[in-house]
Amino acid sequence: MEWLKPFEANNQFEDNTNSLLDFKIRECIPESNIQKKYSLLTQFFLLLGSQDDKSVTSLFVDNRIDNQVIEEIIMHFDNTKIVLENELPSEIMLSKPNQESLSLIRLNNLNPIIKNLYGTINNTQYEWRPQKSYKILSEFIEKYEDMEFDEVLDCLKNTSQGPIISLALSSWTFEDSLKDTFAIRYFTHKCKNVYLWIDDANIVTTIQLELN
């Protein structure tokens, strides 16, 4: 497939551990007067979190948690923990998407990019296999714009710990038609680079976004 190029991944992790920091993990219990709000952020993070019953989604924050994140994301998960560094929030850990919230968003039309990524329910337990990474060549991909989803991408940028965002997938099979999906067409032209991780059974396990 001419739109993909084998890529030798070079995973380097920077050690940001500071022994002087005081780390604590606490359960997040929103105030009783905070109401749930539904948005594209709700769609995206609920469906991302529902791909695997044991998955934990992390959002990294800088000393404070915005009301939008609380109302449109945190309120839709039954298990939320906050990592505190010197008593200030640094990470939100989300698990167990609320089933009522999931049912409600599935009754409505999903954003086309979110539908591409997570619109298919896959109850099959994934079995790990060796994987290879491929870089998507943007010159072979037709551009797709989605101003609504721009808000989701901005949130991912603002809550990631580095320039690389990895989104786990559970329903993509490696085939040429992937290049025409809204998700591939959008990310390829919004990000500096986009990579697909594909296992030996032709299952796409991860889409990796290198931010500008």
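The values are calculated or read from the model by the stated rules, or taken from the named source; none is laboratory data. Because the structure is predicted, anything quoted here is derived from the model rather than measured. With ideal geometry, Cβ positions are generated from the backbone for all residues, glycine too; neighbour counts draw on all protein chains shown. Only protein heavy atoms, including side chains, enter the accessible area calculation; ligands, DNA and RNA are left aside. Shrake-Rupley method; radii C 1.70, N 1.55, O 1.52, S 1.80 Å.
Looking at Thr181, Thr120, Thr173, can you tell me which residue is modelled with pLDDT under 95 and out of contact with any Ser or Thr (no Cβ under 8 Å at 6 or more places or on another chain)? Criteria check complete, one pass: Thr173.
Identify the residue in the range 40-75 that is hydrophobic (A, V, I, L, M, F, W, C) and assigned to a loop (DSSP other than H, G, I, E, B) and, among all such residues, is most open to solvent (accessible area, probe 1.4 Å). For the range 40-75, the residue satisfying everything is Val56. Annotation: of all residues in the range 101-113 being aliphatic (A, V, I, L, M) and in a helix (DSSP H, G or I), the one that is surrounded by the most Cβ atoms within 10 Å (Cβ to Cβ) is Ile113. Against the definition (among the small types (Gly, Ala, Ser) and part of a helix (DSSP H, G or I)), how does Ser95 come out, yes or no? Answer is no for this residue. Provide a single number: the residues in the range 23-60 that are under 19 Å from Gly119 (Cα atoms) and small (Gly, Ala, Ser). Counting residues in the range 23-60 that are under 19 Å from Gly119 (Cα atoms) and small (Gly, Ala, Ser) gives 4.
Filtered by the rule that a residue be surrounded by fewer than 18 Cβ atoms within 10 Å (Cβ to Cβ) and in a helix (DSSP H, G or I), the range 183-198 gives a lone residue, His189. Is it true that some residue in the range 114-125 is open to solvent by 50 Å² or more (accessible area, probe 1.4 Å), among the aliphatic types (A, V, I, L, M) and under 18 Å from the mean Cα position of the chain (by Cα)? Within the range 114-125 (the criterion being open to solvent by 50 Å² or more (accessible area, probe 1.4 Å), among the aliphatic types (A, V, I, L, M) and under 18 Å from the mean Cα position of the chain (by Cα)), the answer is yes, since at least one residue qualifies. For residues that are among the hydroxyl-bearing types (Ser, Thr, Tyr), closer than 21 Å to Lys192 by Cβ and within 13 Å of the chain's Cα centre (by Cα), scanning just the range 126-171, find the one that is surrounded by the most Cβ atoms within 10 Å (Cβ to Cβ). So, considering only residues that are among the hydroxyl-bearing types (Ser, Thr, Tyr), closer than 21 Å to Lys192 by Cβ and within 13 Å of the chain's Cα centre (by Cα), the one surrounded by the most Cβ atoms within 10 Å (Cβ to Cβ) is Thr159.
For the range 200-212: of the residues being over 25 Å from Gln161 (Cβ atoms) and touching a residue at least 40 places away in the same chain (Cβ under 8 Å), which is most open to solvent (accessible area, probe 1.4 Å)? The extreme case among them is Asp200.
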